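Worksheet: the structure to be examined is printed underneath.
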Amino acid sequence: MAFKGEDHLDSLSLPVQRMHLIQVDSVQRWMEDLKLMTDCECMCILQSKPISIEKDEQNELMLSSQYSTCDNLQLLLKRAWIISTELTRIAQKLEKNRWQRVHSMTVRVNCHVRSMINEYNTFTRNPSEEMHQFEKLLIDKCSEFTAFTERCIQTEDEEILKSMKSCINETLTTVAQYFGQLIELVLTHEAQNVLRQIELSDSVHVTESAISSLFSLTQEGAHLCRIIAKEGGVVTLFKICRQDCFRCLYPQTLRTLASICCVEEGMHQLEKVDGILCLADILTDNSHSEATHAEAAAVIAQITSPHLTFTQHLSSFLENMEEIVTALVKLCQEASSGEVFLLASAALANITFFDTMACEILLQLNAMKILLAACSDKRIVDTPYSRDQVVTILANMSVLDQCASEIIQGNGIQLLMEMLFEKSSSGSSAEVAACERVQQKSAVTLARLSRDPEVADAAVKLSCIPRLIKLCRSPTERNNSDSVLVACLAALRRLAVMSPDGLEDSDFQQLVKPRLVDSFLLCTNMEESFV
């Protein structure tokens, strides 16, 4: 997370471990796509003729027959990704006049399109007339495209090829447009089906299954989240959150809402249905389960993320902020697990950016004491991600003069000193980045708090100066992070003013006396000398 007034600091929205990431290497991707590709080649050989007209046999041959609706939609999205990739490659080959390759790839796209449409029609319910029209338009245009490219490989006349190239380009553009419009209609249709199922059902089991399907759709990317929001997904889900008969589904419903609200359309819908008030009611209602409170905190964390540029319209949030902050502090204090604490503290951390009044409310609620106490419980604050949220709150609260005494009373300087030693245990890129943020923000917090002589004295006694020097001079200690270096130089200079006897002359001459930019360049040059 970025700090107020610290443009160089990184930001973090929802905790990393809750993000939906699909990471596969090229071999795994090839293995997944192989069946789609080989089916396509079979169809090329058979000139797209049906293998069987018997219903049972045909179902056995369909790729999607053994999958659920969500699995089928994911299969369709994979097929769509392949078609999109092939269309891009056709444009590249066409530019180089690779006519044979253009034709073979066009045939392949033709087959993929027919397969995709056939597969989708085996599982979709009540497709619209508009979808059927676009299916026909796309198939016809693909056939025309294939016929064009076939004529190109039958001639070697450069003038004829040159004249046909513009026609092929226009046809390729039209195919891409029809394809994009059809996919948009398909995704909208599926979102409408799931939302209609949620709205019409009074069965907990059916509603739970439909919400699970909707959550799966949200994990396919921001575009699908926009479609769901435009089709009224946020409104539908908040209706569930206002019905006591569906209380057991609140955690799942709120988790889906958090995913949809990553896009602007979701945020606008949330504001229109008084979603903030509903979230505040859930958070302050002690009859709800901890899981429900935690998922409501996750929605708050999402909609207040510093990454988002469209939070300014959340005027109702300010009206309910004190209630929400109070409930989140209580959730941090009573958290039974690391994940619950992480979600609640992430929401609090984001709120400290959202409005300056939040820090004053936190101070009145003794939040500093609660957060510092939580950090001593390794069962609750058990990852760099949790410590990142805590130190973000401390850093943003440290602009208040009253924070210094709270930090000292809660043994906070010792905690900040420990955070300067933050190291990744797994070595994953996400965890390493979190460790860098913890080091950076702890140094910034020390720099801000050290304007108080009592804090500076405590930091010197805990040997913060030698650790800051080590972070400045040793690139490996800060994982070669420039942002950590800048923060450490700033903290070191503040402590040097308050306690000049704590530095050796060489450290003072190189790290304190020069301009900050000169010391920064000196330390980054040290990094080069180690290579």
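The values are calculated or read from the model by the stated rules, or taken from the named source; none is laboratory data. For clarity, every value in this text was computed on a predicted model and none was experimentally measured. No Cβ is skipped: glycine too gets one built from the backbone with ideal geometry, and neighbour counts run over all protein chains shown. Heads up: the accessible areas ignore ligands, DNA and RNA and are worked out on the full protein's heavy atoms, side chains in. Shrake-Rupley method; radii C 1.70, N 1.55, O 1.52, S 1.80 Å.
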Kindly report the accessible area of segment 385-530 per residue (heavy atoms of protein chains, probe 1.4 Å, no ligands, DNA or RNA), in Å².
41
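What order, most packed first, do the peptides 424-434, 382-392, 324-334 have when packing is the mean number of other Cβ atoms within 10 Å of each residue? Could you put the intermediate results ahead of the total?
Values: 424-434: 14.4, 382-392: 24.7, 324-334: 21.4.
Highest mean packing first, the order is 382-392, 324-334, 424-434.
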At a Förster radius of 41 Å, what calculated FRET efficiency corresponds to the Cβ-Cβ distance of Asn525 and Asp71, to the nearest 0.05?
0.15
Just from its helices, what would the mean residue ellipticity at 222 nm be for the chain, if runs of 4 or more DSSP H residues each count -39500 (n - 2.57) and the sum is divided by every residue, rounded to the nearest 500 deg cm²/dmol?
-23500 deg cm²/dmol
Filtered hits (lysines, Cα-Cα < 25 Å from Lys369, offset >= 8 within chain) -> Lys4, Lys330, Lys378, Lys423, Lys441, Lys461
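With contacts defined as alpha carbon pairs under 8 Å and 6 or more residues apart, what's the relative contact order of segment 204-273 in percent? Could you put the intermediate results ahead of the total?
Working: 64 pairs, mean separation 29.4, N = 70.
This gives 42 percent for segment 204-273.
Averaged per residue, what accessible area in Å² does segment 66-188 show with a 1.4 Å probe, protein chains only?
On the way: 6220 Å² over 123 residues.
Here the residues of segment 66-188 average 51 Å² of exposed surface.
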When the Cα centres of segment 294-345 and segment 75-97 are compared, how far apart do they sit, in Å?
42
Does segment 66-188 come out rounded, prolate or oblate by the C-alpha gyration tensor, with a ≥ b ≥ c the root eigenvalues, rounded set by a/c under 1.5 and, if not, prolate when a/b is larger than b/c and oblate if not?
prolate
Let me know the shape class of the chain, please: from the alpha-carbon gyration tensor, a ≥ b ≥ c as square roots of the eigenvalues, rounded when a/c is under 1.5, otherwise prolate if a/b is greater than b/c, or oblate.
oblate
Kindly report the accessible area of segment 242-336 per residue (heavy atoms of protein chains, probe 1.4 Å, no ligands, DNA or RNA), in Å².
39
Compare His189, His205 by solvent-accessible area with a 1.4 Å probe and give them largest first, with all protein chains kept in place.
His205, His189
When we measure straight from the Cα of Lys513, which lysines land under 21 angstrom away, once same-chain ones fewer than 8 places off are left out?
Lys470
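Just to make sure I understand: if all protein chains stay in place, what is the order of Tyr120, Tyr178 by accessible area at 1.4 Å, largest first?
Greatest to least solvent exposure: Tyr178, Tyr120.
How big is the Cα convex hull of segment 385-530 in projection, averaged over all directions, in nm²?
Values: hull surface 33.3 nm².
With the hull built on Cα positions only, its mean projection is 8.3 nm².
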Once label points are set 7 Å from the Cα along Cα→Cβ at both Glu334 and Gln409, what is their separation, rounded to one decimal in nm?
2.4
With label points built 7 Å along Cα→Cβ from the Cα atoms of Lys272 and Gln100, find their separation and express it in nm.
5.6
Probe radius 1.4 Å, ligands and nucleic acids left out: which of His103, His112 has the largest accessible area, and how do the rest follow?
His103, His112
Any idea which of Thr476, Gln402, Phe310 is furthest toward the positive side of the dipole for the chain, if Lys and Arg beta-carbons carry +1 and Asp and Glu beta-carbons -1?
Thr476
Rounded to the nearest percent, how much of the accessible area of segment 204-273 (1.4 Å probe, protein heavy atoms only) is carbon and sulfur?
49
Computed lengthening from Thr173 to Ala430, 0.36 nm per intervening residue step minus Cα-Cα distance:
88.6 nm
So for the chain, averaging the separation of alpha carbon pairs under 8 Å that are six or more residues apart and normalising by length, what relative contact order in percent results?
10
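Keeping to pairs on different chains or 8 or more places apart, tell me how many lysine pairs in segment 66-188 have Cα atoms under 19 Å apart.
Summing the qualifying lysine pairs gives 5.
Relative to the Cα centre, what is the charge dipole magnitude of the chain, using +1 at the beta carbon of each Lys and Arg, -1 at the beta carbon of each Asp and Glu, and rounding to the nearest 20 debye? If you can, show how the numbers build up before the last one.
On the way: 48 positive and 71 negative charges, 146 e Å.
In total the dipole reaches around 700 debye.
Rank by packing, highest mean first: peptides 335-343, 255-263, with packing defined as the count of other Cβ atoms within 10 Å averaged across residues. Before the final figure, lay out each step's value.
Details: 335-343: 22.2, 255-263: 25.0.
Listed from highest to lowest mean packing, they are 255-263, 335-343.
On the accessible surface of segment 385-530, probed at 1.4 Å, how many percent belong to carbon and sulfur atoms? Mind dumping the intermediate values first?
Details: 3130 of 6020 Å².
Of the solvent-accessible surface of segment 385-530, carbon and sulfur hold 52 percent.
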